[in-house]
Amino acid sequence: MSATNAYDAIIVGGGHNGLINAAYLARAGLRTVVLERRHLVGGAAVTEEIFPGFKYSVASYVVSLLRPEIIRDLRLARHGLEILPLESTITPLPNGDYLGRWADHDQTRRDLYRHSPKDAEAYDDFATLMYRLAWAVKPLLGIVPPDPLSPGLRDLKTLLMLGRHARGLDEQQFHALFKLGTMSAADYLDEWFESDPLKATMSASGIIGTFLGPRSPGTAYVLLHHYMGEIDGVFRAWGFARGGNGMVSESIASSARSHGAEIRTGATVERVLTANGRATGVVLDDGEELTAKTVVSGVDPKRTFLGLLDPEELPEDLVEAIRRFRIRGSSGKVNLSLSEAPEFSCLPGEGPHLRGAFSISPSTDYLERAYDDAKYGGFSRRPYMDIVIPSMIDPGMAPPGRHVMSIFVQYAAFDIEGGWDDAKREAFGDAVVDTLSEYVPNLRDSILHRQVLTPLDMQEQLGLTEGNIFHGELTPQQLFFFRPSPAWADYRTPVRGFYQCGSGTHPGGGVCGASGRLAALEILRDLRRRRRGRP
Amino acid sequence: MPAPSAVRGTPFHERTGPLCQAGNWRRWAGHLSASSYEPTHEHEYQAIRSAAALIDVSPLHKYRLSGPGAATLANRIVTRDVDRQEIGQVYYTPWCDAAGKVRDDGTLHRLGASDFRLTSAEPTLKWLHENARGLDVEIEEETEQVAALALQGPRSRELLERITDGDVAGLPYFRVMSARIAGIAAEISRTGYTGDLGYEIWVGAADAIPLWDALTAAGAPFGLAPAGMLALDMARLEAGLLLVDVDFVPAHRAIIEDRKSSPYELGLGWTVSLEASNFVGRAALRAERARPPAWRFRGIVLDWESLEAAYAAVGLPPQLPGTTLRDSVPLYAGGRQVGYATSRGWSPTLKTYLGLAHLEAESAAVGTELEIEVTVEHRRRRGRATVAKTPFFDPERKRATP
Ligand SMILES: Cc1cc2nc3c(=O)[nH]c(=O)nc-3n(C[C@H](O)[C@H](O)[C@H](O)COP(=O)(O)OP(=O)(O)OC[C@H]3O[C@@H](n4cnc5c(N)ncnc54)[C@H](O)[C@@H]3O)c2cc1C
């Protein structure tokens, strides 16, 4: 083996978390290499020009909670990251009306008032409460989960800090926080609002990436994410990446390289090599070996523990916990190239609304029915869709006058009855186009190209086990010190020198980057300790 | 005779008026100028940086200098060397009073050997006449007669190419040419106030509406949006460009001496050509150059962590300004006030809190650590800031000719 294959740190998987991890480690002076299976980095945050002239954010399409500290530390703006505002959400309704939420407060209020004067008021009260709660909970995004059962000194400090942060909450706020952790999004929103399209659209954030319906308990928590994003509002970490979500990954890769990290694409890691319970390197599928004392997995927990390692090397309870970890895919993605701007019958013509999102979520029943279709191994005939048209705000995504449309779809079962095949994929794509055409009459005739991704495609093409977009559902029993498994939620694993940094770790899920960064900080901490001679 | 109206629309008002959904107008030299067209200005700012934006800059004062003495007059006024200005070249330049203090800044377009257009923020007709004594020069105010649109942003070139017969791609940075845009006679200059790729288009007021219509029609596929002053103010801060009455006081409006600044004190030393023919203020500036200036004009970057800490102390996340702040705040070094920041704001593109500041020369070296006053919940606190070079944002496309 050549000396050039010797590194201080090897990162398995060049998703945005792996890249962030590598950038931080390289910045600290480690000789670092990222090994990515595909021909490009980014994982679920990639831009690909599948049809000439049309750029798709193939999987993820908006930047939601990308940590401002990462943008600052890695100087991502200088490395090409620009985030453009995503200002409105329109819910078209079957009766030809719509419900709109806009960047401007008065505009939103007027729109809500049309549907329910009470809701227009409640919306502001709700926002104030949620903002307060999000502010109380947000520090979680920046800390390593403590081990509450056998807490070390630092764990105690963390718990104390969290306690102090939450101490300012009054009774109502505290109760709300507890409800958010336990209730369904639909039930929680029922306590606040009466307008069905409003409740349905808000509850949709709680079902994204889960195999759950809006009435399933545990879906309320994700409502907080939106308001965590508000806190970073002016910082503008929420929106469209100019050039598509791949630019998030590209800018991180560029920053990592500037710190000396090496990035290899077309490099599939077969296994992590270990000796005496310690990681020593990795072997690629072509037999090439690379050595390092630190190996970091940026892939999902199933692959990390059941694929890259031999389960024999792991404690049985961990293997069991990972097997039970809920990672059932439920989402699909349809990307369209359009010859002209889509025309929504509820808001005809071009206008600022086309720069925002469209949510096909006219009622809670509609969403719950969409879930019913998939529950028993199918896909929704009339699915929930979250739609954006990135070329409207970033005209570089398509040739002049043409457009790209990104449609995130739920639900589609991973283990669909009879298995996914080309015919089913196209039928799924048709269900999406048919449903959307009811709201966008010119859609069908303006489609130049169509890319359909089923959960199986996401597994095969993007490397997401069972097609789960978050490397595991973001439900309370899979968050914080449960993510991915109690006692191993601090980015370490039972194999010394082997770490995890993907979305399957805290806080996980979304183009947020916190997992990659926090894991890097833990690794550097261990290395400092080791140097000082402590275990 | 009825009393004159305090404000009037620009030649584009017939179009900009209905577009201004925000109802958010301000005054600019007696004209209505949109602060933002949409209810919030964020998209307008992004159009400047990532697509293309149309900004009505008609209220600028504009003067045409022509005749045998035109070059001599221009040379008497501006600090730059007009003898070296080529036909078709545009100078950004300040001009000074006899004491070498800046009265105003603007652009000088050399349209012919003896044909210039001067743009200014302040009315300048009288100053031009005063300095034209003995010269054979015609001075014509064309503020109302000439309408001006800034077309700025990375896609502006592609867009303009579609509707003009002029060689836009061949037009270098700070050059001007005559061309037809959709059949309308215009001057197109590769200038602007955004620090980005962009053009300013000068046409007769009667052609304003057809020009607007032609640009907006051609601009739709490029994401063209009308942008107001709030968006422009953010862009010019990132570009480190001075704003009169905010970052400096025109010398002839200063009531006390302390309010006046020389070009050296405004970071405009590069525009002063002391070898040039005798412009107003040259002797004073020559003397000033012999000794280093007491003040410097610099960029500052506010430190995020200290800002976060200042807000965390009262239980809040950092509150960032959504627009460029124009109130002056003190800057300290070594416990002593050493200057003041005149423009401050959050740059969405750079993800940095920026400012423009006047600093005593000893505290003005790039990298100097400062403290800045920040008001958090009605209480004055200090945040950290560092002296930085301007422009903060300087993309290659600004100057590049393909
Ligand atoms: C359709 C879809 C839409 C989404 N929409 C959004 C959205 O709009 N906003 C948002 O914030 N989040 C969204 N998400 C979620 C978000 O994209 C992911 O949570 C996030 O990108 C995961 O990042 P990661 O770095 O943790 O892992 P990944 O991006 O999954 O990266 C893992 C990488 O490892 C590679 N890999 C796997 N196995 C190996 C191996 N053996 N050897 C080498 N390399 C390997 C993979 O190819 C991949 O590049 C979406 C996800 C999907 C799928």
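The values are calculated or read from the model by the stated rules, or taken from the named source; none is laboratory data. None of the values given here were measured: they were computed from a predicted structure. In this analysis, Cβ positions are derived from the backbone assuming ideal geometry, glycine residues included, and neighbour counts consider all displayed protein chains.
Please find, within region A:437-496, the residue that is farthest from the ligand (Cβ to nearest atom) out of those that are in contact with a helix residue (DSSP H, G or I) (Cβ under 8 Å, 6 or more places away or on another chain) and of a type in the set (D, E, K, R).
A:R444
Among residues belonging to region A:386-438 that are acidic (D, E) and not in a helix (DSSP H, G or I), point out the one that is nearest to the other protein chains (Cβ to nearest Cβ).
This residue is A:D394.
Being within 30 Å of A:R242 (Cβ to Cβ), of a type outside the set (F, W, Y) and crowded, with 23+ Cβ neighbours inside 10 Å is true for just one of B:P221, B:P226, B:P263. Which residue is that?
B:P226
Looking only at region A:286-318, how many residues end up being part of a helix (DSSP H, G or I) and either basic (K, R) or more than 11 Å from the ligand (Cβ to nearest atom) (or both)? Working first, answer last.
So in region A:286-318, the residues part of a helix (DSSP H, G or I) come out as A:301-307, A:311-313, A:316-318.
Keeping just the survivors that are either basic (K, R) or more than 11 Å from the ligand (Cβ to nearest atom) (or both) gives A:302-303, A:305-306, A:311-313, A:316-318.
The qualifying residues number 10.
Tell me yes or no: at least one residue of region B:34-44 is within 12 Å of another protein chain (Cβ to nearest Cβ) and β-branched (V, I, T). Give the steps one after another, and end with the answer.
Within region B:34-44, the subset within 12 Å of another protein chain (Cβ to nearest Cβ) is B:36-44.
Keeping just the survivors that are β-branched (V, I, T) gives B:40.
Looking through region B:34-44, at least one residue is within 12 Å of another protein chain (Cβ to nearest Cβ) and β-branched (V, I, T).
Hey, can you tell me all the residues within region B:299-317 that are at pLDDT 90 or above and part of a loop (DSSP other than H, G, I, E, B)?
If the condition is that a residue be at pLDDT 90 or above and part of a loop (DSSP other than H, G, I, E, B), then B:D303, B:A313, B:V314 are the ones that fit.
Checking the conditions here, which among A:G502, A:G533, A:G516, A:G510 is in contact (Cβ under 8 Å) with a residue 40 or more places away in the chain, under 23 Å from A:G281 (Cα atoms) and either more than 16 Å from the ligand (Cβ to nearest atom) or not in a helix (DSSP H, G or I) (or both)?
A:G502
Within region A:11-39, restricting attention to residues that are among the basic types (K, R) and over 16 Å from A:S249 (Cα atoms), which residue is surrounded by the fewest Cβ atoms within 10 Å (Cβ to Cβ)?
A:R31
So which residues in region B:311-352 are within 14 Å of chain A (Cβ to nearest Cβ) and charged (D, E, K, R)?
Within region B:311-352, B:R344, B:K351 meet the criteria.
All but one of (1) away from every other protein chain (no Cβ under 14 Å); (2) of a type in the set (K, R); (3) within 30 Å of B:E44 (Cα to Cα) hold for A:R303, so report the exception by its number.
(3)
Would you mind listing the strands (runs of 3 or more DSSP E) fully within region B:134-207 where at least 2 residues are touching a residue at least 24 places away in the same chain (Cβ under 8 Å), touching a strand residue (DSSP E or B) at 6+ places or on another chain (Cβ under 9 Å) and under 22 Å from B:A51 (Cα atoms)? Spell out how you get there, then give the answer.
Numbers: elements: B:138-141, B:146-152, B:176-181, B:184-189, B:198-204.
Hits in region B:134-207: B:146-152, B:184-189, B:198-204.
I need a count of the residues in region A:22-65 that are in contact with a Phe, Trp or Tyr (Cβ under 8 Å, 6 or more places away or on another chain) and within 11 Å of the ligand (Cβ to nearest atom).
Looking only at that region, the number is 5.
On the given criteria, is A:Y384 of a type outside the set (A, V, I, L, M, F, W, C), touching a Leu at 6+ places or on another chain (Cβ under 6 Å) and within 15 Å of the ligand (Cβ to nearest atom)?
yes
Take region A:56-105 and flag every residue that is within 14 Å of another protein chain (Cβ to nearest Cβ) and over 25 Å from A:Y24 (Cα atoms).
A:L84, A:P85, A:L86, A:E87, A:S88, A:G100, A:R101, A:W102, A:A103, A:D104, A:H105
Of everything in region A:29-52, what is part of a loop (DSSP other than H, G, I, E, B) and of a type in the set (D, E, K, R)? Give them in sequence order.
Once the filter is applied, which keeps residues that are part of a loop (DSSP other than H, G, I, E, B) and of a type in the set (D, E, K, R), region A:29-52 yields A:R31, A:E36, A:R37, A:R38.
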